[in-house]
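Shown below is the structure under consideration.
The values are calculated or read from the model by the stated rules, or taken from the named source; none is laboratory data. Here the structure is a predicted model, which means the values were calculated and not measured. Don't worry about glycine lacking a Cβ; one is built from the backbone with ideal geometry, like all the others, and counts go over all protein chains shown. Note: accessible area is taken over every heavy atom of the protein model, side chains too, but ligands, DNA and RNA are not part of it. Shrake-Rupley method; radii C 1.70, N 1.55, O 1.52, S 1.80 Å.
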Amino acid sequence: MAALLSLAVAQLLHVPLPLWTVLTAVILTQMSVGRSMKATIDYLLGTVGGAVYTGAVSVLIPHNNEISLLGVLALTVGPLALLAAMLAPTIIHVTPIGSALYRVLEVTLGAIIGLIVSLLVLPARARVLAFEAARRMLDLAAELLPDLFAGFTRTRDPTAIVQIQDKIGEAFGQLEAIAAEAKHEGMAYLHASADFGPLLRTLLRLRHDLVMIGRTASEPLPEDLQARFAGSLACIAGTTADYLRDLGAALTKRRSVPSLGAVETALRGYAADMAALRREGAAGSLPDDAAERIFALAFALEQMARDLDGLARCVNELRNVAPPLSGL
């Protein structure tokens, strides 16, 4: 639709090269309104800058023969390789300044049409795509947790764990990119865009928590510690995984933020096991490696609890500004 509409408008206005208008409209019709807005701004700035520069070079430096023309092309192609085609006035037989002005006009028409199509024809909101990306990351983290905690009681496949950790990192990268596009969306709809900064920072901390837990679970604990902590650790893994999935659903479906009560209860169970270990004096007789790991795990779990609480606040704030999916 963007291509056909831009071609019709270009022919109606008799622009010299409708190809530029059509290509611009197609290029700038992106997956979301926010991405289209960002691409349009960048493309127009690049086009105007290239037109001014190449037009000025063409006017100020004579190029009446092949040698001088090669010199002018070398001067312009260096800094503006992608825009060098703007120095081809013989295609439409106009002056260099006219060529630059026509390029700007053609690209501007394509940019406006591409943006209008993005806004009006089945628009996808960048902020909704960001919520979905955040949910994917939370679902991946929930998928990873049982495997991570299983490392305390049995040998795991380290490659599988690394692959899931990498997927979480990729999901965070996608979320970060979409959140940047969402900043431009408010310009298109003339309203303030959602602030994804706190959510991004909290999710990044949560990812670091998972990495730390994964390191403490790099190999099984001694059998006596397995018997002591297996129940509380399995409970933490299960309740936290369920909580992360519920948070993702709250964000994308505008549900109430779930209670952290079950996770807090599970964490208190591990703290109680640690307190019993200290009371019995068994901690001092543990191998250094095992002692370091269970105390490092206690620190990581405390940090995860704080990050989950912060994540709940972020989700609660964002879901209140999120449009329902049915409203797209």
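What part of the accessible area of region 198-328, given as a whole %, is carbon or sulfur when the probe is 1.4 angstrom?
52
If I ignore ligands, DNA and RNA and count only protein heavy atoms, how much of Glu317 is accessible to a 1.4 Å probe, in Å² to the nearest 10?
Rounded to the nearest 10, the figure is 120 Å².
Another question about this same structure. Would you check the accessible area of Tyr53, probe 1.4 Å, heavy atoms only, in square angstrom rounded to 10?
In the full protein context, Tyr53 sits at about 80 Å².
Now, a different point. Accessible area per residue, 1.4 Å probe, Å², for region 264-303: what's the number?
Dividing the accessible area of region 264-303 by its residue count gives 54 Å².
Restricting to Cα pairs below 8 Å that are 6+ residues apart, what does the relative contact order work out to for region 200-318? Please round to a whole percent.
RCO, region 200-318: 44 percent.
Starting with the highest mean, order 157-167, 237-247, 253-263, 204-214 by the number of other Cβ atoms within 10 Å, averaged over the residues of each peptide.
Output ranking for 157-167, 237-247, 253-263, 204-214: 237-247, 204-214, 253-263, 157-167.
Now a separate question. Within 12 Å, Cβ to Cβ, of Asp307, how many net charges do the neighbouring residues add up to if Lys/Arg are +1 and Asp/Glu are -1?
Charge balance in the 12 Å sphere: +2.
Moving on to the next point. What size of dipole, in debye to the nearest 20, comes out for region 123-163 about its Cα centre when the only charges are +1 on Lys and Arg C-beta atoms and -1 on Asp and Glu C-beta atoms?
Result for region 123-163 is approximately 180 debye, rounded to the nearest 20.
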